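For reference, the structure discussed in these notes is given below.
Bear in mind that the values in this text are calculations on the coordinates, not laboratory data. This one's a predicted model, so the numbers in the text were calculated from it and none came from an experiment. Ideal geometry is used to build each Cβ from the backbone, glycine not excepted, and the neighbour counts take in all protein chains shown.
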Amino acid sequence: MTTLVKRMRRSFPALGLALLAGAAVAAPPTLAESLLAQLAKTPPVSTPFVQVSYRGMLDRPLVVSGTMKWLGADHMERDIEKPFVAVAKIGDGEVSVQRGHGEVHRMPLARAPQAGAMLAGFSALLGGDVKALQQDFSLAADGGDAHWVLTLTPRTDALKRQLASIVIDGRNAEPRCLTVNDANGDTSITLVGELAKAGLRSDAPLLSAVAARCRNSR
Amino acid sequence: MRIGARIALYLTWLALIVAVGWGVATHLKVSSDLRDFVPPAKNADQGLLLDEIGKGPGSRLLLLAISGASQTRLADLSRGLDAALAHDPDFSQVANGSADLATVAAGLLPYRYLLSPTLDTHSFDAVYLRAQLQRRIEDLSSPAASLLEPWLRSDPTLETLKLAQRWAPQHQPKLVDGVWFSDRGEALLVTETKAAGFDPGAQARAITSLQTHYAALPGAVQAKLVISGPGWFGVEASRNTRAEADRFATITTVGFILMLLLAYRSVVPVLVTALPLLSGAVVGFALLAVVFGHAHGITVAFGFTLLGVAQEYPLRVFSHRRVGVDSVTCVRELWPLLATAIVSVAIAYLAFFASGVAGLQQLAVFTIGGLVTAGICTRWLLPLIVPAARRDMAATPGLAGAWHFLAQLPRPRWLPWLVAAAGLAIIVFAPGRFWQNDLSALTPVPKAELQRDARLRAALGAPDVRYLLVMRAADAQAVLALSEKIAPAMQALVAKHALEGFELPSRYLPSAATQRARQAKLPDRATLEASLQQAMAGLPFRAGVFAPFVDDVEAARSLPPLTPEKFEQSPLGARLAAMLMEQGGDWVGLGTLSGVNAPAAFAQLSHATHGAVHLLDLKAATESLIVAYRQRILIALGIAALLLCAAVTLALRSPRRALHVLGPMTLATLLVLAVLRAAGIPLSLFHLVSLTLAAGLGLHYALFFERRTRDEREDLRTLHATLVCVASALLVFGVLALSSVPVLRAIGLTVALGVGFHFTLSVLMAPAAHLRDGH
């Protein structure tokens, strides 16, 4: 994980953000590199998000929503506004989480692989250093303007132990969903941009239903 | 003796010195253990100090900072060094922030409910469990979810993480790339050596090993590693002192050789003059090896200084040789006086042997053995090698004039009394401290390094080296209970800024009583299952997901409390072992403190615990040991002075003659003290030893000037010998007095001043009549 985080650090400064207000560039149908390269934008950028987590120890999904910000350089922030308030900051190699106005809990990014994966996914979305990303992940792109899918599969054993894959769905120059598949079978899908604004239709949506929304134009 | 035989004997002698020297070097253990040097402990604190000094948790720490490269590179170097040191047998632990304490705590997993303080204030009822489970739901939505998830089924209240946090350093530097970084962008590490902090030899080995590990890391050359801490300072100080001493030794050796050539116009003295002294030294070391098996480094340094007297023996022989008379005869004539000097000094040093302090006994054995050996070599070996003189030193140009000048100097009888009175007045009334009790003041750490140490120490939250909190009780459990009891008071002291932080043994291991109390609060299986079911109502957790938790609580209910012995086998065991130990029947707990701002604030704590807890000022305790040592030295020196007076009186068979020898010696010593006091220099042990050396040299001057020869040429030879001796001593010690290292300056200044005063006074106070008699 450490190397992943490090790569991310290196790639961040080069990144421009293309998170929703993306440049109007259609993704070339086959090349992941050009897809990524053309999503570049300048920080700071923010987007609403809705995250749905499916975990083995829970009998229904967890849904949280709020705002995600890329602050430039190697800092990002994820503010949960519903159903509780919590601010998570990722940067300087650590994750800090503050629940409400309570104590700030910190931990090294190296020990929170999911946070690292999220950062990795975003770095891809933000249009960054494809080469750095390719050292840790094999990239695959599929689809067309109406719906494209970018899949990041870990290359290293250390990463594979934590993470099965990261999948990004999008339309035109607009990413819609970021799916993190943990090695233990847990999955979390983060809806961003227009899709997040639209919100979910159910408090406990089925994984297939959320995945379908990521794919569908509706 | 033919020239060939002389050369053969010379080479044999040299070979013997080398052989014995080599044997001694491989067998004598020169220790830096303070116990070999100071008197036995008089109170518990001194005892603790002797047991713990340098072994204490704070003093073995080395603080490391890596700078001068990109953050990524620095983090890589930090991880590389961390990994290398973790496997180095010289180091007991290393930390750079990357250690996952949760995995450490996992080893003690079954005991988590006994070790964590949660149950002191809560119980595992439905209300508490529900609040906790709601928190976990929130945690599972956070980016750190995957960090916590593996624990949750067996540990939904996160006791393992609480323990990890409890055991993590209180003030951690910020983590960048998973390792510690300072505000100035240096990667920080802290490591603990196995060797004691004040064992320069072992510290030097550990530091060399550390530097080798670092140099082997990729990219190490571009970055810079800075080391700090007591061990490093000790190593640096002895390295600097040695470097400076070596530098001066080169200068003085060249000067000394030139002076010998000038004085004797022959290379023979240059070749052989060092042999008696070297012989004395190797025999002295051999005696130490045989009698004690080891010696303290400071004892060796003191002994070598005192042995400097022996350098005069061969010089006297060279000056007193006569043309046409073989060296053996000349030495035989000179011997009674030399023997008087040697035997008097040897008898005087017996007082050191009787002192009962190991360090002083070693000093006595080394010095007496060395002086006697040097004397014997000068008497029976040296003349066999040295050929008969080609010229009489009495004929040295200007010597007769010098004698005449000295003989004509006015010698008012009241002068010595006036000088003595003035000297005493200065000694008594000069302002400033009389004694220097801080040995480290003699090898000071550069200010910049001290400031850096303070900065790194603050950044890493590393404990103070000077202060320790001492807790005493009858057994280990009582110490742990005491430690628990005072924790709130310590927190209060932190709140009042009396100190920045602390670490008590109970932070790692609660007392058995506390563990049992927590155990008693653990619910039985049926109760816990019922509470859990109530707590889970309406929450999205799957039914039965916390079965491992219920099992673990059930198991913890019947665990025997975790003992110190068992805890010490865990990865964190070394930390507890350094804080909890048996000492003289009692058990002692050591609390480490950081940023002690108000030492006086601990008096209240000490009072409240009836003295069971008190602040140990290691500096004060060390200084009290030094004071005790100095008192022994002073007593020994006093007795030595009396013995010397008796021996000289007996040898000269006349109190009046003895007064002519001892008077100048006493007065000169007084004057050196007066000058040092007037200059505001506090006296250290090194000054005392230097004064003793100077007095030994002064004894020679006085004895030889007092001698009645009724032979003008012999008197001139005496003057020649004394002038060469004085000049060589002034050369060696005068140069040393210019040193920037205080300990070298102390020795150099004191001996040089002493030689000057002893010479002047032994000339001025020699019986005037017989100085002029022969002329």
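List of remarks:
- The stretch B:89-231: projected area of the alpha-carbon convex hull, averaged over directions, in nm²: 11.9
- Distance from the stretch A:132-152 to the stretch B:290-330 (C-alpha centre basis), Å: 87
- Each semi-axis of the equivalent ellipsoid for the stretch B:453-603 is √(5λ) with λ an eigenvalue of the Cα gyration tensor; in descending order they amount to 37, 20, 14 Å.
- Label-to-label distance, nm, for residues given as A:Arg60 and B:Ala574 (7 Å Cα→Cβ offset): 5.2
- Taking the fewest neighbouring Cβ atoms within 10 Å as the starting point, the ordered list for B:Val328, A:Val45 is B:Val328, A:Val45.
- Calculated FRET value between B:Lys496 and B:Lys42, using beta carbons and R₀ = 41 Å, to 0.05: 0.75
- Legend: ranking of residues A:Lys69, B:Lys224 from fewest to most surrounding C-beta atoms inside 10 Å; resulting order B:Lys224, A:Lys69.
- Considering the stretch B:668-775 at the alpha-carbon level, its Rg and Dmax are found to be 15.2, 47 Å.
- Equivalent ellipsoid dimensions for the stretch B:263-372 as semi-axes, Å, which come from the Cα gyration tensor, largest first: 30, 15, 10
- For chain B, the equivalent ellipsoid built from the Cα gyration tensor has semi-axes of 70, 26, 22 Å, listed from largest to smallest.
- The stretch B:726-756 and the stretch A:176-214 have Cα centres spaced 84 Å apart.
- Ratio Rg/Rh, restricted to the protein assembly as shown and using Cα atoms, in which Rh is the Kirkwood radius: 1.16
- Applying 1/(1 + (r/R0)^6) with r as the Cβ-Cβ distance of A:Leu207 and B:Ser70 and R0 = 41 angstrom yields a FRET efficiency of 0.45.
- Fewest-first ranking of B:Met490, B:Met579, using other Cβ atoms within 10 Å as the exposure measure: B:Met490, B:Met579
- Taking amide H atoms as placed 1.01 Å from N in the peptide plane, the amide H of B:Leu616 lies under 5 Å from those of B:Leu468, B:Leu469, B:Val470, each 5 or more residues away in sequence or on another chain.
- Calculated mean residue ellipticity, 222 nm, chain B: -20000 deg cm²/dmol, from DSSP H runs (n ≥ 4) at -39500 (n - 2.57) each, averaged per residue and rounded to 500.
- Straightening the chain between B:Leu650 and B:Arg239 buys 143.4 nm, computed as 0.36 nm per residue apart minus the Cα-Cα spacing.
- By the Kirkwood approach, averaging reciprocal distances over each pair of separate Cα atoms, the stretch B:340-467 gets a hydrodynamic radius of 22.2 Å.
- Given +1 at the Cβ of Lys and Arg, -1 at the Cβ of Asp and Glu and no other charges, the dipole of the protein assembly as shown around its Cα centre is 2540 debye to the nearest 20.
- Under the simplified labelling scheme, the B:Arg710-B:Gln132 pair shows an inter-label distance of 10.7 nm, with each label point 7 Å from Cα along Cα→Cβ.
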